[in-house]
Amino acid sequence: RHAAELWRGWFGNPFSPLSFVPMSKEFSAGSDLFLRVTQRYEKPAWNIDRTLVGRMFSVRDMGLYSTAYNVLYNPTGTLVGIVQPVFFSASSHVADEMERVRSAYGALVGTTMLLFLPCFGFMAAIAPTIILALYGPEWQAAAEMFRPFALAMPLYMFTALTTPIIWTSGKGIR
């Protein structure tokens with residue numbers, strides 16, 4: 001979103017020298033469209049990653065990618081789906097007391113990372129064993145994709161826990 005705002009500012013502002021670049025109107029319009037859609041839905045949830053993988057790789061690779069991703073995302077998404085609304089509600093009640101919100105946010109993120117960072121790190125370390133146990137030897141190639149997903153899930157959790165703070169601070173929609 002920040003990059004799109006910069007693009008829109010550079011190419012859409014009539015006082016910017018970049019607005020005279022031949023493709024400036026297209027860049028500005030594309031950035032504006034992206035910003036409006038993501039502002040409405042808070043984030044682009046269009047499975048852009050799967051679209052790219054599906055276009056660039058074989059059906060088999062797409063299956064491996066989806067399998068590795070879903071094994072990790074489904075429980076993580078469920079956990080985030082439970083914690084995020086509760087944190088949003090709690091932070092909304094004390095939104096005027098930013099020190100309390102900061103303290104609660106720090107405790108929540110710290111506890112979550114303390115519990116789940118080692119879990120995901122361990123899962124990344126034993127990725128072949130997990131894939132073998134869950135899916136069998138035919139899916140062993142998914143272990144290569146499982147590792148980076150396992151290491152990325154704590155980042156997803158961190159951003160998901162940050163979202164309620166953005167919403168309650170009023171900075172999510174402009």
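The values are calculated or read from the model by the stated rules, or taken from the named source; none is laboratory data. What you see is a predicted model, and the numbers here were worked out from it, not measured in a lab. Here the Cβ is made from the backbone with ideal geometry for all residues, glycine too, and neighbour counts use every protein chain on show. Calculation scope for accessible area: heavy atoms of the full protein, side chains included, ligands and nucleic acids excluded. Shrake-Rupley method; radii C 1.70, N 1.55, O 1.52, S 1.80 Å.
Numbers for the structure displayed
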| item | result |
| --- | --- |
| Two-site label geometry, THR159 and ALA29: point separation in nm, points 7 Å out along Cα→Cβ | 2.8 |
| Rh (Kirkwood; distinct C-alpha pairs) - the stretch 54-160, Å | 15.4 |
| Label-point separation, TYR135 to LEU117 (7 Å along Cα→Cβ), nm | 2.9 |
| Extended-chain gain in nm, criterion 0.36 nm per residue less alpha-carbon gap, ASP96 and VAL59 | 8.2 nm |
| Heavy-atom accessible area per residue - the stretch 107-174, 1.4 Å, Å² | 57 |
| Around ARG60: net Lys/Arg minus Asp/Glu count, Cβ-Cβ under 14 Å | -3 |
| Of all accessible heavy-atom area on the stretch 54-173, the percent that carbon and sulfur account for (1.4 Å) | 69 |
| For LEU52, solvent-accessible area (1.4 Å; no DNA, RNA or ligand), Å² | 90 |
| Taking only Cα atoms of the stretch 124-174, radius of gyration then Dmax in Å | 16.8, 50 |
